[in-house]
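Reviewing the structure listed below.
The values are calculated or read from the model by the stated rules, or taken from the named source; none is laboratory data. Note that the structure is predicted; figures quoted are calculated from it, not measured. Cβ atoms come from the backbone with ideal geometry, glycine included; neighbour counts cover every protein chain shown.
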Amino acid sequence: MAQEPSTRVLPHELPASLREAGLDHWIREPLDDAVDRRRRIIMPPAAAMIGTPARDYQGALLAEAKHDDTVFMMGDNPELPKMPERPTLRDFYLLRFGPIPRMHLLQSARVARENGLDEKVIMACLLHDIAIAGLLSANHGYWGAQLVAPYVDEEVAWAIEKHEALRYFPDESAGYIYPAAYIDYFGPDYSPPEYLRREAETARRHRWYMTSRLVTINDIYSFDPGVTVDFDDFEDVVGRHFRQPAEGLGFDGSPVAHMWRTMIWPNNFL
Ligand SMILES: [Fe+2]
Ligand SMILES: [Fe+2]
């Protein structure tokens with residue numbers, strides 16, 4: 001039987017300025033005793049606030065924490081499914097990644113497998129946008145490569161890093177054209193910055209070029225709605241190509257453990 005929420009504490013009134021800014025969504029009212037009947041404020045991270053009106057409300061959110069019934073979010077956000085003590089890649093996929101990027105990754109890996117590609121390419125496809133799925137979108141190839149570097153073959157991490165730049169540059173000899181989705185996303189007149197141009201040129205001369213190029217070729221946005229792909233369909237590939245740390249991702253003391261912890265507790269104030 002579902003547990004009834006216990007007596008609801010009537011919170012003090014939220015300042016009108018925060019309500020008008022839509023920031024009441026960043027404050028969780030207490031739901032039940034499990035949340036110790038205190039409100040939890042989520043301070044949006046700087047990377048999400050800079051350049052948006054939300055930054056002007058940082059002070060008002062900080063002021064909210066002065067109330068006795070209010071604290072900043074630290075630890076498990078009751079809105080999110082609780083992660084196991086020793087989280088695996090699968091847990092991040094199922095409990096943290098949003099349905100759209102999750103399906104994008106799974107479908108890309110599925111297409112790579114159907115195309116009979118090497119398992120390293122399938123693994124790279126399965127991981128190539130995990131930064132978008134769980135951490136940050138800007139520079140996602142680089143964040144994604146760092147996230148997985150301690151756990152995958154160097155070639156897989158390299159392919160993930162470089163796919164970001166290679167995505168902008170067609171290579172018809174390899175069967176890759178500029179993505180139609182990018183015309184929608186960035187407009188037909190978008191020109192990638194010089195550093196990405198240089199990155200793509202260097203990548204093209206690298207011995208692992210085709211591994212990364214194949215990630216971009218299998219990086220598809222048109223999904224077959226009739227096909228659902230399960231993370232467990234790739235259990236064998238993940239088992240062979242992802243060195244899951246025994247302590248769990250986020251707790252193995254690796255140089256990237258903090259990045260996984262950020263995905264476990266993405267709303268922590270600090
Ligand atoms: Fe990508
Ligand atoms: Fe992608």
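Overview of values
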| read-out | value |
| --- | --- |
| The listed residue being closer than 19 Å to A124 by Cβ and modelled with pLDDT under 95, out of Y209, Y221 | Y221 |
| Only one of T216, T228, T202 that is crowded, with 17+ Cβ neighbours inside 10 Å and of a type in the set (V, I, T) | T216 |
| Yes/no for L117 being within 11 Å of ligand 2 (Cβ to nearest atom) and over 19 Å from A47 (Cα atoms) | no |
| Odd one out for K66 among (1) surrounded by fewer than 16 Cβ atoms within 10 Å (Cβ to Cβ); (2) assigned to a helix (DSSP H, G or I); (3) of a type in the set (K, R) | (2) |
| Flag for R261 being surrounded by fewer than 20 Cβ atoms within 10 Å (Cβ to Cβ), under 30 Å from F169 (Cα atoms) and either within 20 Å of the chain's Cα centre (by Cα) or away from ligand 2 (no atom under 16 Å from the Cβ) (or both) | no |
| Checklist (1) surrounded by fewer than 21 Cβ atoms within 10 Å (Cβ to Cβ); (2) within 16 Å of ligand 1 (Cβ to nearest atom); (3) modelled with pLDDT of 95 or more applied to P101, failing item | (3) |
| Only listed residue being farther than 30 Å from Y221 by Cα and at pLDDT 75 or above, chosen from R96, R38 | R38 |
| Top-ranked residue of region 151-179 - restricted to ones that are more than 15 Å from ligand 1 (Cβ to nearest atom) and not in a loop (DSSP other than H, G, I, E, B), ranked as farthest from the chain's Cα centre (by Cα) | S173 |
| Unmet requirement for P170, which otherwise passes all of (1) more than 11 Å from ligand 2 (Cβ to nearest atom); (2) surrounded by 20 or more Cβ atoms within 10 Å (Cβ to Cβ) | (2) |
| Which listed residue is more than 13 Å from ligand 2 (Cβ to nearest atom) and assigned to a helix (DSSP H, G or I), from Q146, Q107 | Q146 |
| Qualifying position, being of a type outside the set (A, V, I, L, M, F, W, C) and touching a residue at least 60 places away in the same chain (Cβ under 8 Å), among P192, P266, P225 | P266 |
